[in-house]
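Reviewing the structure listed below.
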Amino acid sequence: MKTLPSVEGVRQAATRLDNVIRRTPWEFNKRLSAMTDASVFIKREDLQQIRSFKIRGAYNKISSLTKAERTGGIVCASAGNHAQGFAFSCQKLQIQGDVYMPATTPQQKVSQVRMFGGEFIEIVLTGDTYDACQKHALKASKKQGKTFIHPFDDKEVIEGQATMALEILNQSSASLDYILVPVGGGGLISGIITVMKSLSPKTKIIGVEPQGAPSMQKALEAGQRISLKKMDRFVDGAAVRQVGELPFEICKSNLSEIITVAEGQICQTILDLYNKEGIVAEPAGALALAGLEMLKTNFKGKRIAVLLCGGNNDILRMPEISERALLYANLKHYFLIDFPQRAGALKEFVTDILGPNDDITHFEFSKKSYRTNASAVVGIQLKEATDFSLLVERMKIHNFKFDYLNEKQNLFQFLI
């Protein structure tokens, strides 16, 4: 069994990170406090140099390497934020590093890695998921005799991430009842637990995972680490097929609770943060805040910390984020509608079927001259979720035949 992280190791990490990272803001949030009838504080790790907490663990690990390890070169595998922390550290410490990233990584994150690492890094895009990418990176590091810097299953990495907990304890004027922490591979939450169980044992730690990638929840239920067979990669910073060995050992006996949040809820949280607070959060960064909204009735009168862990959101993803939020709220619906091929059929649909607040947002139709009927894919956005049943009822009354595509995942994936 590997050596577990310690509070003393976290304090040593804080010394290494002094004058390297930012002491990020600790902000009281009036909107979320009113929503939960509690005192909600947000730890703004989206305001780090690399707009993510990952710099803490990467720099602590790399700066603790021996001279021989530094000279031999280092390797990492990452969906983006660990890669940025790794690249920043390589340039700061002037160590050559290879960054392996999934081929599906948003371009914004790839560009940021190049900017932070400069001449001290090489980027290799390979594999469709983090797990596939990591296999290539591990193979390459072993073959070339380079040191692999794991994003979450490493003592020094975990201790670096845990320095956030020391900051929170120093910044908070009173004890905390709860801390909500996003969970991917488990490095951050195991670091938070390491500090809190020693220095603030009454604080309950709640882990929050995306519904499409519940690797920690499934591991805790099974009593052992498992590899997810299916996984939604949308929350790319937290979509990990298997949690780390060290994080699992720490979480299985110390984690107060773990919940999963639907990707659509996470998307709505991202939009709310942007529209109401002017905060740009990536899906994994907004994960814990989405969990707070899900559990809002449980926190009355409590003092709560929520970790906003990353702000590296590619603007090109915003249409999909908006779409997923609408779908989750039952405000966006797609149909395959059988239209008669005659003049006035579409006008009849608009006049007789659409409600006064309904809006057609997608229409795809191809007329076939030899047919009496032809199908069109129609996307309709509603003002209220309750309008859906009325819309369906009107289509049935006016004899418009249709298939509801939101429930047909094999077809629906082509629409969002």
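For the stretch 358-380, the count of residues that are basic (K, R) and free of Cβ contacts under 8 Å to residues at least 24 places away in the same chain is zero.
Of everything in the stretch 317-340 that's among the aliphatic types (A, V, I, L, M) and in contact (Cβ under 8 Å) with a residue 12 or more places away in the chain, which residue is nearest to L405 (Cα to Cα)? The extreme case among them is L336. The set of residues in the stretch 47-56 being buried (at least 23 other Cβ atoms within 10 Å of the Cβ), touching a residue at least 40 places away in the same chain (Cβ under 8 Å) and part of a helix (DSSP H, G or I) consists of K54, R56. Hey, does the stretch 129-144 have a residue that's without any contact (Cβ under 8 Å) to a residue 40 or more places away in the chain and under 19 Å from the mean Cα position of the chain (by Cα)? Yes, the stretch 129-144 has at least one match. Scanning the stretch 280-297 for residues that are more than 15 Å from the chain's Cα centre (by Cα) and either of a type in the set (V, I, T) or farther than 23 Å from L169 by Cβ (or both) returns E293, M294, K296, T297. With respect to G72, determine if the residue is without any contact (Cβ under 8 Å) to a residue 60 or more places away in the chain and not assigned by TED's automatic domain parsing to the domain that holds V280. It is false that G72 is without any contact (Cβ under 8 Å) to a residue 60 or more places away in the chain and not assigned by TED's automatic domain parsing to the domain that holds V280. Condition first: assigned by TED's automatic domain parsing to the domain that holds E249, part of a loop (DSSP other than H, G, I, E, B) and of a type in the set (K, R). Now tell me which residues in the stretch 1-38 satisfy that. Listed by number, the residues that qualify are R22, R23.
State whether the residues of the stretch 281-289 include one that is out of contact with any Cys (no Cβ under 9 Å at 6 or more places or on another chain), within 23 Å of N81 (Cα to Cα) and at pLDDT 95 or above. Give the derivation first.
Of all residues in the stretch 281-289, those out of contact with any Cys (no Cβ under 9 Å at 6 or more places or on another chain) come to 289.
From what is left, the residues that are within 23 Å of N81 (Cα to Cα) are 289.
Retained after the next criterion (residues that are at pLDDT 95 or above): 289.
Within the stretch 281-289 (the criterion being out of contact with any Cys (no Cβ under 9 Å at 6 or more places or on another chain), within 23 Å of N81 (Cα to Cα) and at pLDDT 95 or above), the answer is yes, since at least one residue qualifies.
From the set of residues in the stretch 222-255 that are outside any loop (DSSP other than H, G, I, E, B) and among the aliphatic types (A, V, I, L, M), which is surrounded by the fewest Cβ atoms within 10 Å (Cβ to Cβ)? By that ranking, first place goes to A222.
Please tell me if Q112 is surrounded by fewer than 16 Cβ atoms within 10 Å (Cβ to Cβ), among the polar types (S, T, N, Q) and touching a residue at least 24 places away in the same chain (Cβ under 8 Å). Let's see the steps before the verdict.
Values: surrounded by fewer than 16 Cβ atoms within 10 Å (Cβ to Cβ): no; among the polar types (S, T, N, Q): yes; touching a residue at least 24 places away in the same chain (Cβ under 8 Å): yes.
The answer is no for Q112.
Just the residues that are of a type in the set (F, W, Y) and surrounded by fewer than 21 Cβ atoms within 10 Å (Cβ to Cβ), please, taken from the stretch 1-45. Can you show your working first?
Here is the first cut: in the stretch 1-45, the ones of a type in the set (F, W, Y) are 26, 28, 41.
The answer is W26, F28.
Looking across Q413, Q341, one residue alone is over 22 Å from C267 (Cβ atoms) and either modelled with pLDDT under 95 or not aromatic (F, W, Y) (or both). It is Q341.
The values are calculated or read from the model by the stated rules, or taken from the named source; none is laboratory data. This one's a predicted model, so the numbers in the text were calculated from it and none came from an experiment. Positions of Cβ are generated from backbone atoms using ideal geometry, with glycine treated the same way; all protein chains shown enter the neighbour counts.
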